[in-house]
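Notes follow once the structure below has been shown.
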Amino acid sequence: MSALVAALMMTTSTRPSAQLGQQIGQIRHNSGQNVVPVFEGWEKNADGTFNLVFGYMNRNYAEEPEIPIGPDNNFSSGPADQGQATHFYPRRQQFMFKVKVPADFGKKELVWTLTRNGQTEKAYGTLMMEEQLTDVVISENRGGLGNDSVTAKPNRPPTISIDELSTRSVPAGEAVTLTATASDDGVPSPPPQRGRGDNPNVAIVDGVRLLTVRERPITQAIVKPSRQGLAVTWTHWRGPGKVTFDPTTMAVKDGKATTRVTFSEPGTYVIRAYADDGIVATPADVTINVTGTAKTP
């Protein structure tokens, strides 16, 4: 009997700690956490060179830290500035930028280092065979039309350019209009309109039944895969203050996508627009020099 009592006591005493551990594991931090760089994989270019593709995981659910290029945000070897973000949206942001490396890159590594709140994290870019990216891999990871049949027709990435000059100036708190010109080859074709009773998660694309959502779709990404044809998403890539877009994402109409952007404080900003065809996204940048004094957005 004493052994049974002891066993019951042990069972009772361990359960609260297990529950506490589960509760701790479910805590969501709005701020105060670090940012983890992520190596997504690599692509081979037609000229024999390679693209190393990176994203990140901002462990905060609300805070969007700015980590300037320097000791806390750099690449090695080579230039510390490889075009990486300095403004980080919350949570997991995939396939955000590429670094081109030469054909003879071989077994070298390109290391992205981020330090935030005293924690340093590194992402190691390599040409390991299992890390090669394809449209299918990218689409499935983004929560798009993830299916081998996506490649039934060759998909060319969309093109995009920002109509204004590469550098502009605007006072803080004053909206500026930005317009992107974007085009695509129409692959994949957007899912058709469905009638009542149709499976909302299935569409016929180029004669093939495809799942249009994954069982656990990506919901945290600022650049979400378009399901309505070619779309443009505007993002805050670099710069010290708060940036507001109106709107952030829109379908491309007559080859154009326009937004109004407002900056809360002076500084040099990079705005990045992504043209997204539902599988891959192509970026274009514009630099904005914001003058004056800080404004409440």
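A few comments on the model shown:
Listed here are the residues, each with its yes/no results for (1) at positive phi; (2) crowded, with 17+ Cβ neighbours inside 10 Å; (3) modelled with pLDDT of 95 or more.
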position	(1), (2), (3)
Asn73	no, yes, yes
His87	no, yes, yes
Phe105	no, yes, yes
Arg116	no, yes, yes
Glu130	no, no, no
Asp135	no, yes, no
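- Only one of Gln82, Gln94 that is within 21 Å of Thr126 (Cβ to Cβ), among the polar types (S, T, N, Q) and not in a loop (DSSP other than H, G, I, E, B): Gln94
- Any pair with Cβ under 8 angstrom, 6 or more apart, that starts in the stretch 166-194 at a residue that is in a loop (DSSP other than H, G, I, E, B) and ends at one that is of a type in the set (Asp, Glu) and modelled with pLDDT of 95 or more: Ser166/Asp285; Ala172/Glu265; Ala175/Asp246
The values are calculated or read from the model by the stated rules, or taken from the named source; none is laboratory data. If you're wondering where the values come from, they're calculated on a predicted model, not measured in any experiment. Ideal geometry is used to build each Cβ from the backbone, glycine not excepted, and the neighbour counts take in all protein chains shown.
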